[in-house]
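The values are calculated or read from the model by the stated rules, or taken from the named source; none is laboratory data. Not measured: the values here are computed from a predicted model. Reconstructed Cβ throughout: ideal geometry from the backbone, glycine too, with neighbour counts over all protein chains shown. SASA here: full protein model, heavy atoms, side chains in, ligands and nucleic acids out. Shrake-Rupley method; radii C 1.70, N 1.55, O 1.52, S 1.80 Å.
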Amino acid sequence: TMTRMVDEQRTQIGVLKALGYSNGQIMGKYLFYSGSAALIGTAAGYTLGSSGLPRIFWEIYGVIYGFAPLQQVVLPGLLTISFWAALLCSMGSTWLACRVELAKQAAELLRPKTPKAGRRVFLEYIKPLWRRLSFLHKVSVRNVLRYRSRLIMMVLGIGGCTALLCTGFGIQDSIQHVADNQYDEITLYDYAVSFQEDQSAEQAAAYLTRKGWEEGLLVHSGSVDVAAGGESKSVYRVISSTGSLEGYVDLHSGGDSIPYPGPGEVVLNAGLAENLGIAPGDTVELRDGELGTIYATVSAIADNYVFNYAYIAEETYRQQLGQAPGYNALYLHSHSDADPYGEGSLLLDDGDVSSVNVVQASRDQVNHMLSRLDYVVVVVVLCAAALAFIVLYNLTNINITERVREIATIKVLGFYQNEVASYVFREIILLSVLGSLAGLLMGKALHAYVMAQIQIDSMFFACRIAPLSYVLSFCMTILFTFAISLGMRPRLRKIDMAESLKSIE
């Protein structure tokens, strides 16, 4: 914007220099303009950034963590840093735009600016392709590659828009199927019955008979700390009484099945392993505050999305702690067409039972928690749309302003309105396509960074962007481009041919 303004007022700058104004006085006019924009923008941005967006994110995470009401605090230091950053960017770009023109003599500034020299573009060396292009298409390609600053700014600006869209849709792709992946593919049981005291196989069988169940899996379940590399995380330790979890928990990584761990081995979930930097073959500690510590070698890393788990064998527990584990939980499947909450109440109605975890309730809770993250997607998409509008409008406006005489010339030569619009906007669309393609790569990196920031200890979000999200991000960016181009068409119709062609005189 400042480059365009300085170019448009080149003659005025020359007149001011001829009248005796110093370079500092002339530059001060433009610095004041950009500095005022920085001041107003900082005030508006700080208000939105300190009260608008935090309130949205507070509500989102409040559902997960149960935060207290938001208390807004004004941080003068943050405001100062924001202001000076905006001031440096806006006034710095103004200084760069002005210094080149102010270095010239007044007489040179009063004369029309010499057009930039043309040069061959690399496509010209691809003869079969270049011959197939029409004359106007060749002109458009040359113009795109001729103005490198505009090319770079357009690619970065539109790429940033596409990157934000990729990130927004990618967040949705990463979180929307967490509950389905966990409770359809990994956690296969429907109820986890916890007993007040450890149960023997006979006691568990008697309980099943009383409640009308034919089978279930008796397990040991308790909280321990897994330590590795100087860090530790609290997890659920699970030990199967039968040496297998088949039919109740599916241990797998991707599409590969993982066997139940053998003596001295442990299977950990992917989120826990990533947080602690654990890989298969590493040795970890399972610290039990009451009984002691178990050392085990990680045999595999299993997929898991909700909570953290460590699976070990009964032999490992018995060998290192000198006693058998106490089996205090029972995994059960629901009966067909049964009400899960009704069956949960039936299972809980027993003197030996302390609690019953109904998997359907956990699933509903996870879905409710993650549904609030949809607001993040909405915020990101709105920011992307705003960025696209600003960049596209600004660059399209610059493109038209710089080429008023050229546009007037082709109108005098008899070009129809649609042909003029096609000639001007073809370059914008081409630059948008290039920027969008670059933005897809930028979006993948930005999405990975954002997902690393929103990880929750009790949940694991796979970092993935669906192919459809890439397509949507690209198409929405191009849609923004067409919308801006359509809105700028009246600007072309209003160009006065006679006035534009004699503007230099």
Q) To the nearest 20 debye, what charge dipole does the range 391-436 have about its Cα centre, counting +1 at the Cβ of each Lys and Arg and -1 at the Cβ of each Asp and Glu? A) 60 debye
(Q) Run the simple label-point estimate for Asn394 and Asp282 please: 7 Å along Cα→C-beta, distance reported in nm. (A) 4.4 nm
Q: Provide the gained length on full extension for the span Phe122 to Asp250, in nm with one decimal, where the gain is 0.36 nm per separating residue minus the Cα-Cα distance.
A: 40.5 nm
Q: Report in % the part of the accessible area of the chain that belongs to carbon and sulfur, leaving out ligands and nucleic acids; probe 1.4 Å.
A: 59 percent
Q.
Cross-link candidates for Lys104: which lysines have Cα within less than 21 Å, leaving aside residues fewer than 8 places away along the same chain?
A. Lys17, Lys29, Lys113, Lys116
Q.
Apply the a/c threshold of 1.5 to the C-alpha gyration tensor of the range 292-384 and tell me whether it is rounded, prolate or oblate.
A. oblate
Q. Based on the Cα coordinates of the range 80-140, what is the per residue volume of their convex hull in Å³?
A. 172 Å³
Q: Please report the base-10 log of the normalised intensity I(q)/I(0) for the chain, using a Debye sum with one equal scatterer per alpha carbon and no solvent, at each q in 0.10 (1/Å).
A: -0.92
Q. Which percent, nearest 5, of DSSP beta bridges in the chain are antiparallel?
A. 85 percent
Q | Fraction of the pair-distance distribution of the range 200-346 above 26 Å, Cα-Cα pairs, percent | A | 29 percent
**Q.** Mean residue ellipticity (222 nm) of the chain, computed from DSSP H runs ≥ 4 via -39,500 (n - 2.57), nearest 500
**A.** -18500 deg cm²/dmol
(Q) Tell me the angle of helix 201-211 to the major Cα principal axis of the chain, expressed in degrees between 0 and 90 and rounded to the nearest ten. (A) 80 degrees
Q.
Around Lys233, under 10 Å between beta carbons, what's the net of Lys plus Arg minus Asp minus Glu among the other residues?
A. -3
**Q.** In nm, spacing of pseudo-spin labels at Ile454 and Ile81 (7 Å Cα→C-beta vector)
**A.** 2.3 nm
(Q) Before I look further, what does the range 191-309 give for accessible area per residue, probe 1.4 Å, in whole square angstrom? (A) 46 Å²
Q) Which of Tyr30, Ser174, Gly292 sits closest to the plus end of the dipole of the chain, meaning its Cα is farthest towards the positive end, when Lys and Arg get +1 and Asp and Glu get -1 on the C-beta? A) Tyr30
(Q) Nearest 10 degrees is fine. How inclined is helix 359-371 to the longest principal axis of the chain, computing both from alpha carbons? (A) 10 degrees
Q: Give me the percent of DSSP beta bridges within the range 261-392 that run antiparallel, rounded to the nearest 5.
A: 65 percent
Q: Could you point to the residue in Gly49, Gly20, Met91 farthest towards the positive end of the range 2-92's charge dipole, with +1 and -1 charges on the Cβ of Lys/Arg and Asp/Glu respectively?
A: Gly20
Q) Can you give the charge dipole size of the chain about its Cα centre, rounded to the nearest 20 debye, using +1 on the beta carbon of Lys and Arg and -1 on the beta carbon of Asp and Glu? A) 6180 debye
(Q) Taking the Cα centre as origin and putting +1 on Lys and Arg beta-carbons and -1 on Asp and Glu beta-carbons, what dipole magnitude results for the range 391-505, to the nearest 20 debye? (A) 180 debye
Q) Could you give the semi-axes, largest first, of the ellipsoid that matches the range 352-428, computed as the square roots of 5 times the alpha carbon gyration tensor eigenvalues and rounded to whole Å? A) 60, 12, 5
Q. Among the lysines, which fall within straight-line cross-link reach of Lys411, defined as a Cα-Cα distance under 21 Å, with same-chain neighbours fewer than 8 residues apart omitted?
A. Lys138, Lys494, Lys502
Q: Assign one of three labels to the range 1-137, namely rounded, prolate or oblate, based on the Cα gyration tensor with a ≥ b ≥ c the square roots of its eigenvalues; rounded applies when a/c is under 1.5, prolate when it is not and a/b is larger than b/c, and oblate otherwise.
A: oblate
Q) What FRET efficiency, computed as 1/(1 + (r/R0)^6) with R0 = 41 Å and r the Cβ-Cβ distance, is obtained for Val74 and Phe482, rounded to the nearest 0.05? A) 0.45
Q | Rounded to 10°, Cα long-axis angle of helix 76-102 versus longest principal axis of the chain | A | 30 degrees
Q | Per residue accessible area of the range 81-169, 1.4 Å probe, in Å² | A | 62 Å²
Q | Neighbourhood charge, 9 Å Cβ-Cβ cut-off, centred on His252 and excluding it, Lys, Arg +1 and Asp, Glu -1 | A | -4
Q | Tensor-based shape of the range 345-498 (alpha-carbon gyration tensor, a/c under 1.5 rounded, otherwise prolate or oblate) | A | prolate
